[in-house]
Amino acid sequence: MGVNWKAFTNQISHYESFVLVSHIRPDCDALGSELGMAEVLRTIGKTVRIINAHRTPPALQFLDPAEGIEVLGDHVEAEDISCDCIMILDTSAWAQLGDMGDVIRAASCDKIVLDHHVGEDDLGATMYKDYQAEATGHLVVQAADALGVPVTRTMGMPLFAAIATDTGWFRFPSVSSETFRVIARLIDAGVMPCEIYGDLYERDTIGRLRLRGTILSRTQSELDGRLMHTYVKKEDFEATGALPSDTEDAINLTLAVEGAKAAVIFVEQLRGGFKLSFRSRCAMDSNEIAQLFGGGGHKAAAGAFLEGTLEDVQNRVLPAVREAVGTE
């Protein structure tokens, strides 16, 4: 079911000031959607701030050359945040909002969610969701159309990155002919795909390369090669000279093995606990598996977080994944 854009535009018209928020450990779809939506809203005369709970990863800073994204705790305190409406992009889960979740809970203003993920919590917000959309960035383009805002190069660059990365550079089953029609519009607006690809994938640090080598060297194969899993310990970051954000997309490398149908990566967080990422190109529903552990996402890709040691977390998660993959 798609977004009711008439209701969306009507609600937007009632507000003059917005704070845009997305999930912790922001990826390109989170950041690109925020930056694109900020441009859309400013074009129609709204006042906009983007405030996240986590800093933009250094590898994605190119999306925000003006450094307009603020971070809670970095010269921005909860009591300093006020607006007519908080818009939450690319997530519908309290657990994904980090410390900004407390700000949202305490805020007396209206809240809006624009998202494409299946799972959701009651955020006390009006939900505008399209589970069929391949990226929230695509929904922002539709929002621009609904509001009568022409797509510009400044707006289009982060939105292209949002859509391209959330589709695995147009490799995932979520890609449709409409995906390419939207992408064509962004290119017509002046977006250069080769520049974005270079910024995303051709600026690796030696630490990132070494970390990926560590991740791949630990990859285990089960169920006759259909399931792949690996892990990262927090001490690996210092040992390789990598950053926690350098684990982004590493799980997809394990699916390059012939016959691999599902994958899991366990990434220890600096404060403890493990971030879990699931990938599936079989009957296993990654979203359903992630929900078992308090997370969510899509059928093909989802995530969650668990406290505990690596052994404890693996012993809880892998049996559920094996059962799901083994039903094929």
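Readers should treat all values here as calculations from the given coordinates under stated rules, not as data from a laboratory. This is a predicted model, so every value here is computed, not measured. Here the Cβ is made from the backbone with ideal geometry for all residues, glycine too, and neighbour counts use every protein chain on show.
Which residue fluctuates most in the GNM of the chain (Cα springs below 10 Å): Arg55, Arg171, Arg279?
Greatest mean-square fluctuation among the candidates belongs to Arg171.
Show the residues, 5+ positions off or on another chain, whose built amide H is closer than 5 Å to the amide H of Ile112.
Result for Ile112 returns Ile86, Met87, Ile88, Thr126.
Tell me, what is the FRET efficiency for Ile44 and Thr126 to the nearest 0.05, using R0 = 22 angstrom and their Cβ-Cβ distance as r?
Working: r = 19 Å, r/R0 = 0.84.
Efficiency, rounded to the nearest 0.05: 0.75.
By how many degrees, 0 to 90 and rounded to 10, does the Cα axis of helix 28-43 deviate from the longest principal axis of the chain?
The answer is roughly 0 degrees.
Based solely on C-alpha atoms, express the radius of gyration and the Dmax of the stretch 41-99 in angstrom.
When restricted to Cα atoms, the stretch 41-99 yields Rg and Dmax of 12.5, 32 Å.
Quick query: amide H of Ile50 versus all other amide H atoms, modeled in the peptide plane; which residues come in under 5 Å with a sequence gap of 5 or more or a different chain?
Leu20, Glu70
Express in whole angstrom the spacing between the alpha-carbon centres of the stretch 271-318 and the stretch 189-230.
After rounding, the separation between the Cα centres reads 19 Å.
For the stretch 190-206, just list the computed ³J(HN,Hα) in residue order, Karplus coefficients 6.51, -1.76 and 1.60, θ = phi - 60°, integers in Hz, with x standing in for Gly and Pro.
x, 5, 10, x, 5, 5, 5, 4, x, 5, 7, 10, 10, 10, 4, 8, 5
Could you calculate the FRET efficiency of Ile206 with Val257 from 1/(1 + (r/R0)^6), where r is the beta carbon distance between them and R0 is 30 Å, rounded to 0.05? Let's see the in-between values first.
Working: r = 25 Å, r/R0 = 0.82.
With R0 = 30 Å, the Cβ-Cβ based efficiency is 0.75.
Using a 7 Å offset from Cα along Cα-Cβ at Glu323, what residues in the stretch 271-304 end up with backbone N under 14 Å from the label point?
Those under the cut-off are 285, 288-293.
Show me, for the stretch 125-130, the HN-Hα J-couplings you get by feeding each phi into the Karplus relation (A = 6.51, B = -1.76, C = 1.60, θ = phi - 60°), rounded to Hz, glycine and proline as x.
The phi angles translate into 10, 7, 8, 10, 10, 9 Hz.
Taking amide H positions as placed in the peptide plane 1.01 Å from N, state which residues far from Tyr231 in sequence (5 or more) or on other chains have amide H under 5 Å from it.
Sorted by chain and number, the residues that satisfy this are Phe266.
Relative contact order for the chain: what is it in percent, counting Cα pairs under 8 Å that are at least 6 residues apart? Intermediate results must be reported in sequence, preceding the final value.
Numbers: 611 pairs, mean separation 43.3, N = 328.
With pairs under 8 Å counted, the relative contact order is 13 percent.
Rounded to the nearest Å, what's the spacing between the alpha carbon centres of the stretch 63-134 and the stretch 1-30? Just the number, please.
The stretch 63-134 and the stretch 1-30 have Cα centres separated by 9 Å.
Testing the spin-label approximation: label points 7 Å from Cα along Cα→Cβ at Gln291 and Val76. State their distance in nm.
Each label point is offset 7 Å from its Cα along the Cβ direction, giving 3.2 nm.
Here is the link list: Lys234/Lys299; Lys129/Lys233; Lys46/Lys233; Lys46/Lys234. Which ones come out longer than 32 Å on Cα distance?
Details: Lys234/Lys299 28 Å; Lys129/Lys233 35 Å; Lys46/Lys233 44 Å; Lys46/Lys234 42 Å.
Pairs exceeding 32 Å: Lys129/Lys233; Lys46/Lys233; Lys46/Lys234.
In degrees from 0 to 90, rounded to the nearest 10, what is the angle of the helix 153-166 Cα long axis to the longest principal axis of the chain?
Rounded to the nearest ten degrees, it is 30.
What FRET efficiency do you get for Glu311 and Trp169 if R0 is 41 Å and r is their Cβ-Cβ distance, rounded to the nearest 0.05?
Values: r = 35 Å, r/R0 = 0.85.
It comes to 0.75.
Please list 129-139, 37-47, 206-216, 22-32 highest first by mean number of surrounding beta-carbon atoms within 10 Å per residue.
Values: 129-139: 23.0, 37-47: 18.2, 206-216: 16.6, 22-32: 25.4.
Packing proxy ranking, top to bottom: 22-32, 129-139, 37-47, 206-216.
Using θ = phi - 60° and the Karplus form 6.51 cos²θ - 1.76 cosθ + 1.60, what ³J(HN,Hα) does each residue of the stretch 48-55 get, whole Hz, x for Gly and Pro?
9, 10, 10, 9, 10, 7, 10, 5
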